[in-house]
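What follows is a single structure, written as structure tokens, with notes after it.
The values are calculated or read from the model by the stated rules, or taken from the named source; none is laboratory data. Treat the numbers as computed from the prediction; the structure is a model and nothing was measured. No Cβ is skipped: glycine too gets one built from the backbone with ideal geometry, and neighbour counts run over all protein chains shown. The area values use the complete protein model at the heavy-atom level, side chains included, leaving out ligands, DNA and RNA. Shrake-Rupley method; radii C 1.70, N 1.55, O 1.52, S 1.80 Å.
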Amino acid sequence: KAGVTQTPRYLIKTRGQQVTLSCSPISGHRSVSWYQQTPGQGLQFLFEYFSETQRNKGNFPGRFSGRQFSNSRSEMNVSTLELGDSALYLCASSLNQLLYGYTFGSGTRLTVV
Amino acid sequence: DQQVKQNSPSLSVQEGRISILNCDYTNSMFDYFLWYKKYPAEGPTFLISISSIKDKNEDGRFTVFLNKSAKHLSLHIVPSQPGDSAVYFCAASGGGSNYKLTFGKGTLLTVNP
């Protein structure tokens with residue numbers, strides 16, 4: 001079966017711009033979460049959506065936002081990009097995250113210059 | 001404040017021997033723990049989980065042990081294989097309606113042939 005698909009794989013943006021990342025979860029998975037991975041901070045939770053509702057949110061500024069559509073596909077948006085936003089952004093979906101864990105996509109590598 | 005800590009950034013073992021990866025946590029509200037493996041340029045892959053009501057969970061070559069009083073868990077891989085070489089992340093969840101995973105910073109395991 002198809003895994004979690006994230007697009008694009010790589011992105012280069014300039015400071016001050018905004019960016020939208022896309023995630024298509026595994027068919028049937030209604031929970032979608034987003035994580036940011038950086039060398040210094042490791043994997044940090046951004047937010048989690050379930051049935052189009054944000055169920056949990058991490059400690060990131062309001063420049064980071066997301067949404068989930070009725071088909072469970074999700075997008076995250078980062079506005080007014082800063083150099084420190086350069087990271088690997090990972091999307092994960094799950095049927096039951098505690099029993100089966102999350103299935104992660106390969107991520108979108110964002111570089112802000 | 002790092003609530004999930006993996007104090008060993010790296011570990012090297014010989015093929016066929018046991019690999020033991022350790023993880024400590026500080027938040028007593030965590031009640032579900034997961035281990036993930038990550039290869040370069042890929043998203044993390046779920047390996048095994050354990051609920052706080054158990055002290056051991058086994059899946060093939062992988063066994064996770066949980067010591068709640070010490071707030072410590074470990075992942076044992078027996079026997080270790082070169083293909084196990086990857087970064088291993090420990091993660092914890094508060095359970096209930098909190099589906100956020102808090103990750104450790106990872107341990108790079110190298111299994112030498």
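Once you have the Kirkwood Rh of chain A from its Cα pairs, apply Stokes-Einstein at 37 °C and 0.692 mPa s and quote D in µm²/s. Could you put the intermediate results ahead of the total?
Values: Rh = 13.9 Å.
Taking Rh from Cα pairs, D becomes 236 µm²/s.
Which three lengths, in whole Å and largest first, does chain B cover when its Cα atoms are put on their principal axes?
42, 28, 21
Taking a cut-off of 19 Å between Cα atoms, list the aspartates and glutamates near B:Lys100, but don't count ones fewer than 8 places away on the same chain.
Straight-distance partners of B:Lys100: A:Glu48, A:Glu52, A:Glu75, B:Asp1, B:Asp24, B:Asp31.
Could you sort the residues of region A:77-113 by number and keep only those whose accessible area is reduced by 40 Å² or more in the all-protein-chain setting relative to the chain alone, 1.4 Å probe?
Checking the loss per residue gives A:Leu98, A:Tyr102, A:Phe104.
Taking R0 as 22 Å, what FRET efficiency do you get between B:Gln81 and B:Glu58 from their Cβ-Cβ distance, rounded to the nearest 0.05? Numbers along the way, then the final one.
Values: r = 17 Å, r/R0 = 0.78.
It comes out at approximately 0.80.
Nearest 20 debye, what's the magnitude of the dipole of chain A about its Cα centre given +1 on Lys and Arg Cβ and -1 on Asp and Glu Cβ?
About 120 debye.
Leaving out ligands, DNA and RNA, calculate the buried accessible area for the pair B and A with a 1.4 Å probe, summed over both sides, in Å² to the nearest 100. Let's see the in-between values first.
Values: alone 6210 and 6170 Å², together 10640 Å².
In total, chains B and A hide about 1700 Å² from solvent.
For the protein assembly as shown, what Kirkwood radius comes out of the mean inverse Cα-Cα distance, in Å?
Working: mean 1/r = 0.0557 Å⁻¹.
It is 18.0 Å.
Please work out the average accessible area per residue across the protein assembly as shown, using the 1.4 Å probe convention, and give it in Å².
Per residue, the protein assembly as shown has an accessible area of 47 Å².
What trypsin sites (Lys or Arg not before Pro) does region B:17-113 have in DSSP loop regions with at most 13 other beta carbons within 10 Å? Intermediate results must be reported in sequence, preceding the final value.
On the way: sites: B:Arg17, B:Lys37, B:Lys38, B:Lys54, B:Lys56, B:Arg61, B:Lys68, B:Lys71, B:Lys100, B:Lys105; in loops: B:Arg17, B:Lys54, B:Arg61, B:Lys68, B:Lys71, B:Lys105.
Of the trypsin sites (Lys or Arg not before Pro), the ones in loops of region B:17-113 whose Cβ has at most 13 other Cβ atoms within 10 Å are B:Arg17, B:Lys54.
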